[in-house]
Amino acid sequence: MSGKSKCNDTGEQEYLSDSSIERQLCEFDNLVSEGDIVISDTSSDAPHEEIIDLVLDEEEDKAAAAAAEPSSGNADNKEGPEFPDGTVRLTHVLGEPQDTSKYYSLTDLLQPSKLRKALLTTYVFDVEWLLMHTGLSTKLVIVKSYSPSEEQTGVYQSEDGRITFVNPVFGVQKYPVMHSKIMLLFYDDYVRFVALSANLIEIDWTVLANIMYIQDFPYKSGTQLDQNYSGSNGQNSQQHGLPFCESLKAALRDMDVPEQVVKQMDGIDMSRARVHVVTTVPTSRIRLKGKHADSYGISRLGSIAQAMRRESKVSDSEWFDTKLFCYGSSLSRLDAKYLDSFYKYVLNKTISLPGSLCMSLGYSGEEAYTSHVIHQNIAVGFHTLDQTNTNKYGAIPKSCIMFPSDAYFSSEYPSFALHKISPKVPDVLVHAKIILARHGESSGWMYLGSHNFTRGAWGTIGGGRFGGSSQYYNNYEFGIVLPDVQYKNHSAAGGRTVVVWNGAEIPVPFEPSPWTRYGEADMPSIKEMERR
């Protein structure tokens, strides 16, 4: 099998491949209204038991350490876990000052001279470029997107045995997409967990603004990778009934990661994790058995939000007036009904406001409240055409910002929800995927990860014809929710709003507020799409 997937050697060719898959993300929402969705009972016959173990023995560890190339990055020279309680970083943009307190290059993140092995999930990548940023003997497992018409579901190895490729199970979606982006980076003394929005291609790490959550976990006392360990893990972070470790293991299994890799999570102490895992998995009948519909996408996000509400001091009036600021690099077909449903799922899946509460919030009834919500409380951020045309790196990053023209010009598109964003790095386009939730002026939560604000990513609600499920999902997605986020007006930041989590400011690639609505002269960065 080739060491490359959907990308070639030059930056432009890599990008065109990335763009073609972004097109698939947009096209799904068009197919919802056309009924062009087929659900399959396809299951995986991947020979996981035949895949080599990621575990390196002591001699291999020594050889890898001797062979790994040194790095010039500051982060690569640090010893031990750097972020035991988690942190957020943005990708370092070419030509900008290097400030590792806010921005990380891929070398800063991977620390190649210390990296022993890694699990990476992505949906477009360049192997040659990636291997330039890892040690010479680093073993990799890469879960990737693929075209079922060209490749089969399964697990494969590169000719030299260094890289294991995983093609996860799809249903028979017309546009199947494995869009999840996570990393598990194994070092001698700890494992680095990363949830991010960047693909494994050069432009995502050099000319686009992406975001990542990083947390370093030590191995359990007395063992490094004890695959037989069966004790509790990550109990400080309850994931809607599951500890963080169990939620992560479930996500890895959903992506058909080999079981011997998944079991290594039991040897890692994740007890300091405070973030919540939210994933999406393509709907198929086989995955609907058990937990599927209520455990993914918008339903999962709503469950997490409800759990956080129970642990917070947010009043009813603040909760039911929550404001959502949603940004993604791809948009597609939406309508006011979907915005209303999305908002209600986040607040409460069966929300029905009593008349007295509606009156206390200043509305004559629930219908008036709903109308206010979708017009005032959901902002969909997206780059304007002027922003993409004037970005400092030209056509390649511009093509990463995807909004089909037929979706925007649809009579049902809620154009009132579109808002302009102000990138922190001027004239650089934002590829991150973020939801900022604000209860009142100062408290809330933040989502970051791979989910664009599309139906394909978060789910189509009230599916009906989609196998009888209440939600239908097209993509594989992965992200995390930061609880207990604070929004503060910071004098040191020129009076601008800053996002604070765990007692420290975290970088966001655009100004968190205020967002302004599109004016009459503003046009989103739309594209004429080829229907396939």
Please go through (1) modelled with pLDDT of 95 or more; (2) among the aliphatic types (A, V, I, L, M); (3) more than 15 Å from Tyr187 (Cα to Cα) for Leu119 and return the number of the only condition it doesn't satisfy. (3)
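Per-residue answers, yes or no, for (1) surrounded by 22 or more Cβ atoms within 10 Å (Cβ to Cβ); (2) modelled with pLDDT of 90 or more:
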| site | (1), (2) |
| --- | --- |
| Val430 | yes, yes |
| Arg438 | yes, yes |
| Met446 | yes, yes |
| Phe453 | yes, yes |
| Gly456 | yes, yes |
| Tyr472 | yes, no |
| Asn475 | yes, yes |
| Pro483 | no, yes |
Quick one: Asp216 ticks every box in (1) in contact with a Pro (Cβ under 8 Å, 6 or more places away or on another chain); (2) open to solvent by 10 Å² or more (accessible area, probe 1.4 Å); (3) modelled with pLDDT of 95 or more except a single one, so which number is it? (2)
Any residue at all in region 145-162 that is within 30 Å of Thr388 (Cα to Cα), acidic (Asp, Glu) and in contact (Cβ under 8 Å) with a residue 12 or more places away in the chain? no
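Have a look at His276, His292, His240 and point out the one that is modelled with pLDDT under 95 and farther than 20 Å from Pro168 by Cα. Don't jump to the end; show me each part of the working.
Working: His276 fails: modelled with pLDDT under 95; His292 fails: farther than 20 Å from Pro168 by Cα.
Just a single option satisfies the conditions, and that option is His240.
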Show the residue pairs that are 6+ apart or on different chains and have beta-carbon atoms under 8 Å apart, the first residue being within region 100-122 and in a strand (DSSP E or B), the second being open to solvent by 10 Å² or more (accessible area, probe 1.4 Å) and of a type outside the set (A, V, I, L, M, F, W, C). Tyr103/Arg89; Tyr103/His92; Tyr103/Glu96; Tyr103/Pro507; Tyr104/Arg89; Tyr104/His92; Lys117/Lys139; Ala118/Lys139
Counting only residues that are in a loop (DSSP other than H, G, I, E, B) and surrounded by 18 or more Cβ atoms within 10 Å (Cβ to Cβ), region 127-148 contains a total of 8
Filter region 382-407 down to the residues that are touching a residue at least 24 places away in the same chain (Cβ under 8 Å), open to solvent by less than 40 Å² (accessible area, probe 1.4 Å) and not β-branched (Val, Ile, Thr) and list them by number. Phe382, His383, Asn391, Pro397, Ser399, Cys400, Met402, Phe403, Pro404, Ser405, Ala407
Hey, among the residues in region 162-174 that are assigned to a loop (DSSP other than H, G, I, E, B) and open to solvent by less than 20 Å² (accessible area, probe 1.4 Å), which one's modelled with the highest pLDDT? Pro168
Across region 381-413, what is the number of residues that are over 13 Å from Leu208 (Cα atoms), part of a helix (DSSP H, G or I) and small (Gly, Ala, Ser)? 2
All but one of (1) of a type in the set (Gly, Ala, Ser); (2) modelled with pLDDT of 95 or more; (3) on the phi > 0 side of the Ramachandran plot hold for Gly154; state the number of the condition that does not hold. (2)
Where the second residue is polar (S, T, N, Q) and modelled with pLDDT of 95 or more and the first is farther than 30 Å from Asp427 by Cβ and lies in region 182-206, which pairs have Cβ atoms under 6 Å and are six or more apart or on separate chains? Phe193/Gln215
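Looking at region 439-452, can you tell me whether even one residue there is assigned to a loop (DSSP other than H, G, I, E, B), within 25 Å of Leu482 (Cα to Cα) and touching a His at 6+ places or on another chain (Cβ under 7 Å)? Before you say what the answer is, go through the steps one by one.
If we filter region 439-452 for residues that are assigned to a loop (DSSP other than H, G, I, E, B), which is where we start, we get 440-442, 450-452.
Adding the requirement that they be within 25 Å of Leu482 (Cα to Cα) leaves 440-442, 450-452.
From what is left, the residues that are touching a His at 6+ places or on another chain (Cβ under 7 Å) are 450.
Within region 439-452, one or more residues are assigned to a loop (DSSP other than H, G, I, E, B), within 25 Å of Leu482 (Cα to Cα) and touching a His at 6+ places or on another chain (Cβ under 7 Å).
Kindly establish whether Ile374 is touching a Leu at 6+ places or on another chain (Cβ under 8 Å), closer than 20 Å to Tyr518 by Cβ, touching a residue at least 60 places away in the same chain (Cβ under 8 Å) and open to solvent by less than 30 Å² (accessible area, probe 1.4 Å).
Details: touching a Leu at 6+ places or on another chain (Cβ under 8 Å): yes; closer than 20 Å to Tyr518 by Cβ: yes; touching a residue at least 60 places away in the same chain (Cβ under 8 Å): no; open to solvent by less than 30 Å² (accessible area, probe 1.4 Å): yes.
Judged against the criteria, Ile374 is not a match.
Just checking, which of Asp108, Asp76 is at pLDDT 95 or above, out of contact with any Cys (no Cβ under 7 Å at 6 or more places or on another chain) and of a type in the set (Asp, Glu)?
Numbers: Asp76 fails: at pLDDT 95 or above.
When all the criteria are applied, what remains is Asp108.
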For the list (1) open to solvent by less than 40 Å² (accessible area, probe 1.4 Å); (2) polar (S, T, N, Q); (3) under 18 Å from Ala209 (Cα atoms), I need the number of the one condition that Ser422 fails. (1)
Do we have any residue at all in region 424-445 that's under 30 Å from Asn489 (Cβ atoms), within 19 Å of the chain's Cα centre (by Cα) and among the hydroxyl-bearing types (Ser, Thr, Tyr)? no
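The values are calculated or read from the model by the stated rules, or taken from the named source; none is laboratory data. Every value quoted in this text rests on a predicted model; they were computed, and no experiment measured them. No Cβ is skipped: glycine too gets one built from the backbone with ideal geometry, and neighbour counts run over all protein chains shown. Quick note on the areas: whole protein, heavy atoms, side chains included, nothing else; ligands and nucleic acids left out. Shrake-Rupley method; radii C 1.70, N 1.55, O 1.52, S 1.80 Å.
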